Amino acid sequence: MRPILLKGHERSITVVKFNYDGDLLFTCSKDHVPSMWRAEDGDRIGTFNGHKGTIWDLDVDRFSRRVLTASADATVRLWDCETGECIRNFPHHGPVRGVAFAEGSQMYASISDPFVEHNAQISVYDIPENDDPENYPDTPRLEIDLPKMPDGKRVNPTNIVWLNVNEALFVTFDNGSIRLYDPVTGEELEEIFPHEKKINRVSFNQDKTLFITSSADFTAKLYDVVDLEHLKTYKTDRPVNDAVISEQKDHILLGGGQEAMSVTTTAGKVGKFETRFFHLVYEEEFGTVKGHFGPINALDINPNGLCYASGAEDGYVRLHFFDKSYLDMKDPVPEVDEEEEKKENDNGEDSD
């Protein structure tokens, strides 16, 4: 495995994300400056300057023309991907935790934390690509308020994703639940509880038929998107901060480690800061990749399956290129040759 160390951030990494084509890598951290890198060699192409707080989330549209960033400075910014220029700034009521382009990239949804008298909120904004950004409305098209629970506890959203053909907003929460909302009316459509503790991250495969949740309860769980059926569970001995589904192989990559505040008291080996590889079907761990000196906060695998990126509390992004032995690796399932199978079937018929 050949890693390239991307040194462009001064503080903990929060997001690493490849674009749809897999030729660009976007990274965010707590240092306020998202960066864009060339995926084939790790060269930094540029930065997006303007935020005044931690960048908690980022999304890039289907054709890598526009980028959205969600920040703790209570704004979402829309950027021109080619020039790095801020096209539009959208103020929110509280720190913004997540942001996602709708399919078609004509609108986006965001989630914000509670702040002073404002509750946590889910907001949907119109950003038609052919209109002048100056004419974009300041107010959201839809605002879903997330008040306190009947017992007085707050449940805050952690991730937001649009499902296929924008039929629903998929939102994860810090109490281990997932809710689906109607993006037109704001009505809650469904709620499930995959985890007992906070869902740190959720990621989908490229055609959005499967999703995997990463939780502080030491597990990652694979679900079917259509009927929200639980398929597999990947168990570890530490909080899972991110997990991704490989597009080219039946593999799952998990990243995590102990809480950041207790990292200084343990050695890198004890803290378990590796990326762990699991078989998607058999739920078995078959390999680890070491390298980081802090818990892995973010993972993404290139859609072409040739490399993956990991970002950690140590402030480094590592771009790992898979060896030929991994790319050529066959699943360890005893496969019967077609010819042998045919012979066996013929023998069976002859004996009859």
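Result for the chain in a Gaussian network model with C-alpha springs under 10 Å: among Met36, Met107, Met149, the largest mean-square fluctuation is at Met149. Exposure check, 1.4 Å probe, all protein chains in place: Cys86 carries approximately 40 Å² of accessible surface. One decimal place: the segment Lys153-Leu306 gains 50.7 nm when fully extended, by the rule 0.36 nm per residue minus the C-alpha distance. Fully extending the segment from Arg11 to Lys197 would add 64.4 nm, taking 0.36 nm per residue of separation and subtracting the current Cα-Cα distance. The Cα trace of segment 49-190 gives Rg and Dmax of 14.5, 49 Å, the first to one decimal, the second as a whole number. Near the amide H of Asn241, within less than 5 Å, lie the amide hydrogens of Gly255, Gly256, Gly257, all on another chain or at least 5 residues away, with H placed in the peptide plane. Karplus-derived 3J(HN,Hα) values for segment 217-224, using 6.51 cos²θ - 1.76 cosθ + 1.60 with θ = phi - 60°, are 8, 6, 10, 10, 10, 9, 10, 8 Hz; glycine and proline are entered as x.
At q = 0.10, 0.14 Å⁻¹, what log₁₀ I(q)/I(0) does the chain have when each alpha carbon counts as one equal point scatterer in the Debye sum? Listed by q, the Debye log ratios stand at -0.60, -1.16. Per-residue 3J(HN,Hα) values for segment 91-104, derived from phi via the Karplus relation 6.51 cos²θ - 1.76 cosθ + 1.60 with θ = phi - 60°, read x, 10, 7, x, x, 9, 8, x, 8, 8, 5, 6, 4, x Hz in sequence order (x marks Gly and Pro).
How many angstrom separate the Cα center of segment 3-21 from the Cα center of segment 142-218? Between the Cα centres of segment 3-21 and segment 142-218 lies a distance of 25 Å. The residues of the chain present an accessible area of 47 Å² per residue when probed at 1.4 Å with all protein chains retained.
The charge dipole of the chain, taken about its Cα centre with unit charges on the Cβ of Lys, Arg, Asp and Glu (plus for the first two, minus for the last two), comes to roughly 2200 debye. Can you spot the aspartates and glutamates whose alpha carbon is less than 14 Å from Lys153's alpha carbon? Ignore those fewer than 8 places along the same chain. Cross-link targets: Asp113, Asp174.
Extension gain, Val165 to Asn89, is 24.7 nm, computed as 0.36 nm per intervening residue step minus the present C-alpha separation. Compared with the dominant principal axis of the Cα atoms in the chain, helix 338-351 is inclined by about 50°. The residue among Asn304, Gly8, Asn130 whose Cα reaches farthest toward the positive pole of the charge dipole of the chain, with charges on the beta-carbon of Lys, Arg, Asp and Glu, is Gly8.
Using a probe of 1.4 Å, the accessible surface attributed to Phe63 totals some 120 Å² when neighbouring protein chains are kept in position. When you restrict to C-alpha pairs under 8 Å that are six or more residues apart and normalise by the size of segment 1-159, the relative contact order lands at 13 percent. Given a 1.4 Å probe and every protein chain left where it sits, what share in percent of the accessible area of the chain is carbon and sulfur? Result for the chain: 47 percent of the exposed heavy-atom area is carbon or sulfur.
Note on Met1 and Arg44: the model spin-label points, each 7 Å out from Cα along the C-beta direction, lie 2.4 nm apart. Relative to one another, the C-alpha centroids of segment 54-75 and segment 286-335 are positioned 24 Å apart. In order along segment 242-259, the Karplus-derived 3J(HN,Hα) couplings, from 6.51 cos²θ - 1.76 cosθ + 1.60 at θ = phi - 60°, round to 7, 8, 9, 9, 6, 7, 9, 9, 7, 10, 10, 10, 10, x, x, x, 5, 4 Hz, and Gly and Pro are given as x. Multiplying each eigenvalue of the alpha-carbon gyration tensor of segment 120-255 by 5 and taking the square root yields semi-axes of 28, 20, 13 Å, largest first, rounded to whole angstroms.
Heavy-atom accessible area for Arg154, with the other protein chains in place and a 1.4 Å probe, reaches approximately 90 Å². Relative protection proxy for 2-8, 29-35, 234-240, from highest mean packing down: 29-35, 234-240, 2-8 (other beta-carbon atoms within 10 angstrom).
Distance cut-off 28 Å, Cα to Cα: go down the list Lys7/Lys197; Lys232/Lys330; Lys17/Lys148; Lys52/Lys249; Lys235/Lys330 and report the pairs above it. Violating the 28 Å limit, Cα to Cα: Lys7/Lys197; Lys17/Lys148; Lys52/Lys249. Compactness check for segment 117-188: Cα Rg over 2.2 N^0.38 Å is 1.25. Pull out a ≥ b ≥ c, the square roots of the eigenvalues of the alpha-carbon gyration tensor of segment 1-86, then state rounded if a/c is under 1.5, prolate if not and a/b is larger than b/c, and oblate in the remaining case. Note, shape of segment 1-86 comes out oblate.
The values are calculated or read from the model by the stated rules, or taken from the named source; none is laboratory data. Owing to the predicted nature of the structure, the values given are computational and were not obtained by experimental measurement. Counting neighbours? That spans all protein chains shown, and the Cβs are built from the backbone with ideal geometry, glycine included. Just so you know, the surface numbers come from the protein's heavy atoms only, side chains and all, with ligands and any DNA or RNA stripped out. Shrake-Rupley method; radii C 1.70, N 1.55, O 1.52, S 1.80 Å.
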